[in-house]
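Heads up: the structure comes next, in structure tokens.
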Amino acid sequence: MSLAAGVGLRAPHHEAWRSSRPPVGWLEAHAENYFPQGGAQPAILERLRADYPLSLHGVGLALGSVEPLDLQHVARLRRMIERYQPMLVSEHLCWGRVDGSHLNDLLPLPYTEEALRHVASRVGELQERLGRRVLVENLSTYLRFADSTLEEWEFLAALAARSGCGLLLDVNNVYVSACNHGFDARRFIAALPATAVGEIHLAGHDVESIDGREIRVDTHGSAVCDEVWSLYGFALGHVGPVPTLVEWDTDVPELEVLVAEAARADAVACTARAAVA
Amino acid sequence: MHCAGGGGLSMAGAPTAGLPLAELQRRFAAALRAPDDAAPDATLLGALRDDGLPAARRLELYRRNVQGNFLKVLALEFPAIERLGGAAWFRQAGLDFLREHPSRSGDLHGIGAPFAGFLQRRLGATPHAYFADVAALEWAWQECLVAPDPDGSLDVGELASVAPRDVGVLRFVPHPALRLVGSRWPVFTIWDAHREPRADGDPPTIDLDRGGECAILRRSGEGAEARRCDPSTLAWLQALAAGQPFGDAWEVAISHDAGFDVARALAEAVRLGLFCGFRA
């Protein structure tokens, strides 16, 4: 029987995907990794798309950048959407482009009215150009801005309300940021509009010590930690059942390990449903 | 769950009139791109909260991530250059390269394109001048891997039916993934010896003066394949790929090697799928 939870499709597993069809519920691909229009990437995505529901997850649009949207990038995303007909399309609440050059990282925004107006209008423009609703994901962050007047969860809720976008709730990112900035992760999740949350991400992270202070860093390089599993159960209680994805991007283990994590996500969801019933 | 550490929840008392978003992003990006010894931007640091760890240290974490992401991609695209130069040299060269050639896209597939030219400028007058040609070969390989699939394939039967007197004016359409590389150094041998980690210890010593090498890179199945070729075949393929008529390309090849066997070369090119069509 197939699992409900999905896993991130990553290049180190392409070989395994060529010869097997593990019982995961769905797949999510980083859109930019499959931008090439020839060779192995589109070929494998095409084949897997025939066997699994697919989500396209953008990492390169840098939606919150002040300079105009990269329309060439949007056009390529649109072509991918037309070709692969994904069930979900998502991006991040971040910026990364300045003066035409790209830092190719997910950089945090100040939570101000100015930034909110800007991102809401960008997300609106993106949804219009793609002709569909987009989910916007919360980041792991390592700093906060002195000017912020809103909490991150207030910013996300207002963004969803103003732009009509959905939210991709990354539970690991909530936990990482909560630890780094000292807020209550459950308060964050409980404050999100439940009906806007269209997907949940789970992943592992690292703990670093900088000048004797513990900082959690979003590496996607290990198993989901116990605290995040528990927070996931809490999140399901708030938003109800939504597609859940397990991501692993560095020190990528065998595909079976990801499948086992997806099975654990299903087990947590099962317990959460029982608690509600 | 409440995690320990960090500042409180209240944003009360935070200054309200801060940097406009555009200026904040410009300063933030400049700080992430700055060299190690750059002076900190006090205005930017003033816009960030310390929360128990100086803002400069927090910024440094982002700077390290940004550098690490780029270097990881560059190392994936140029594994032989990294092994030839060593990890420490590659890191420094990579960071200098990225300052000169910042990424222009949210898609990282293109960032390595100017790397061979950068190495040529940096090392052209040194004993490591050949790095630039090895890098050009590695980039050609990357392009070959992701180039678009062709719209159609060459019709061998149709080609065979062309009357001999008409063959000279034929122009061939190169497969989008075809890449042709020539060098005065043995780049193929060097690349082949350094592109993968070796289980049996150090790569062999290669005599740089043993003569130049040429290579054909092509789509094979869904992947790529590289093979050596002789200079006349390279010149012939380059002429055809540039759109020159078959007869002119043949003359180019003959100028390299009077005994160039064009019938054999064409049969081989068709067998390898180097062309996806032709027109009169």
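Derivation of every value follows stated rules applied to the coordinates shown; laboratory data play no part. These numbers come from a predicted model, not from an experiment. Counting neighbours? That spans all protein chains shown, and the Cβs are built from the backbone with ideal geometry, glycine included.
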> Can you list the HN-Hα couplings for the range A:55-65, worked out from phi with the Karplus curve (6.51, -1.76, 1.60; θ = phi - 60°), rounded to whole Hz and with x for Gly and Pro?
Replying inline: 10, 9, 10, x, 10, x, 6, 6, 3, x, 4
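Divide by every residue of chain B the summed helix terms, -39500 (n - 2.57) for each DSSP H run of at least 4, and state the resulting mean residue ellipticity at 222 nm, rounded to the nearest 500 deg cm²/dmol.
On the way: 12 runs with 133 residues, N = 280.
Using -39500 (n - 2.57) per qualifying helix, the result is -14500 deg cm²/dmol.
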> Under a 5 Å amide H to amide H cut-off, with H placed in plane at 1.01 Å, what residues pair with B:ALA224 once short-range neighbours are removed?
Replying inline: none
> So for the range B:150-280, taking the charge dipole from beta-carbon charges (+1 Lys/Arg, -1 Asp/Glu), which of B:LEU208, B:VAL187, B:GLY223 sits furthest toward the positive end?
Replying inline: B:GLY223
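Under the definition of partner shielding as Cβ atoms of other protein chains within 10 Å of a residue Cβ, what is the mean value for peptide B:50-56?
For peptide B:50-56, the averaged partner shielding equals 4.
Remind me, what semi-axes does the range A:199-249 give for its equivalent ellipsoid, largest first in whole Å, using sqrt of 5 times each Cα gyration tensor eigenvalue? All intermediate terms of the calculation are to be shown ahead of the outcome.
Values: eigenvalues 121, 32, 11 Å².
Result for the range A:199-249: semi-axes of 25, 13, 7 Å.
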> Which one of A:PRO86, A:PRO108, A:PRO68 has the biggest mean-square fluctuation once chain A is modelled by GNM with Cα springs under 10 Å?
Replying inline: A:PRO68
> Cα extents of the range A:212-277 along the three principal axes, largest first, in whole Å?
Replying inline: 42, 33, 16
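What chymotrypsin sites (Phe, Trp or Tyr not before Pro) in the range A:163-271 are in a loop by DSSP, with at most 13 other Cβ atoms within 10 Å of the Cβ?
Working: sites: A:TYR175, A:PHE183, A:PHE188, A:TRP229, A:TYR232, A:PHE234, A:TRP248; in loops: A:PHE183, A:TRP248.
Listed in order of number, the matching sites amount to none.
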> Taking a quarter of the surface of the Cα convex hull of chain B, what do you get in nm²?
Replying inline: 22.9 nm²
>> Nearest 10 degrees is fine. How inclined is helix B:262-271 to the longest principal axis of chain B, computing both from alpha carbons?
In response: 50 degrees
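Compute the Rg/Rh shape ratio of the range B:150-280: radius of gyration over Kirkwood radius, all on alpha-carbon atoms. Write out the running numbers ahead of the final one.
Numbers: Rg = 16.7 Å, Rh = 16.1 Å.
Answer for the range B:150-280: 1.04.
Which of A:SER19, A:SER65 has the fewest other C-beta atoms within 10 Å, and how do the rest follow up to the most?
Details: A:SER19 6, A:SER65 26.
Lowest count first: A:SER19, A:SER65.
Sort B:LEU240, B:LEU137 so the one with the fewest other Cβ atoms within 10 Å of its own Cβ comes first.
On the way: B:LEU240 29, B:LEU137 26.
With the sparsest Cβ surroundings first, the list reads B:LEU137, B:LEU240.
What does the average come to when, for each residue of peptide A:176-182, you count the partner chain Cβ atoms lying within 10 Å of its Cβ?
Taking the mean over all residues of the peptide, I get 6.
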>> Only Cα pairs within less than 10 Å get springs; with that Gaussian network setup on chain B, which residue of B:LEU19, B:LEU217, B:LEU59 has the largest fluctuation?
In response: B:LEU19
>> Nothing charged except the Cβ atoms of Lys and Arg (+1) and of Asp and Glu (-1): what's the magnitude of the dipole of the protein assembly as shown about its Cα centre? Round to the nearest 20 debye.
In response: 760 debye
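Let me know the whole percent of all Cα-Cα pairs from the protein assembly as shown that are separated by more than 43 Å.
Details: 42689 of 154846 pairs.
For the protein assembly as shown, the share of Cα pairs beyond 43 Å comes to 28 percent.
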> For B:SER161, A:SER140, A:SER148, B:SER255, what ranking results if the residue with the fewest other Cβ atoms within 10 Å of its Cβ goes first?
Replying inline: B:SER161, B:SER255, A:SER148, A:SER140
> Where is the GNM fluctuation largest for chain B (alpha-carbon springs, 10 angstrom cutoff): B:THR43, B:THR233, B:THR189?
Replying inline: B:THR43
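When N is the residue count of the range A:6-276, what does its C-alpha Rg come to as a fraction of 2.2 N^0.38 Å?
Numbers: Rg = 17.9 Å, N = 271, 2.2 N^0.38 = 18.5 Å.
Compared with the compact-globule rule of thumb, the range A:6-276 sits at 0.97.
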> Which cysteines does chain A leave without a neighbouring Cys Cβ under 4.7 Å?
Replying inline: A:CYS94, A:CYS165, A:CYS225, A:CYS270
> Sequence-distant or interchain residues sharing an amide H contact under 5 Å with A:LEU135, placed H: which?
Replying inline: A:VAL89, A:SER90, A:GLU91, A:GLY166
>> Skipping prolines and chain starts, which residues have an amide H placed within reach, meaning under 5 Å, of the one on A:VAL217, given they are 5 or more residues away or on another chain?
In response: A:ASP206, A:VAL207, A:GLU208
>> So, R0 is 56 Å and r is the distance between the beta-carbons of B:ASP207 and A:GLU214; what FRET efficiency does that work out to, to 0.05?
In response: 0.55
> Once phi is turned into θ = phi - 60°, what whole-Hz ³J(HN,Hα) does the Karplus curve with 6.51, -1.76 and 1.60 give for every residue of the range B:229-239, x standing for Gly and Pro?
Replying inline: 9, 8, x, 5, 5, 4, 5, 5, 5, 4, 5
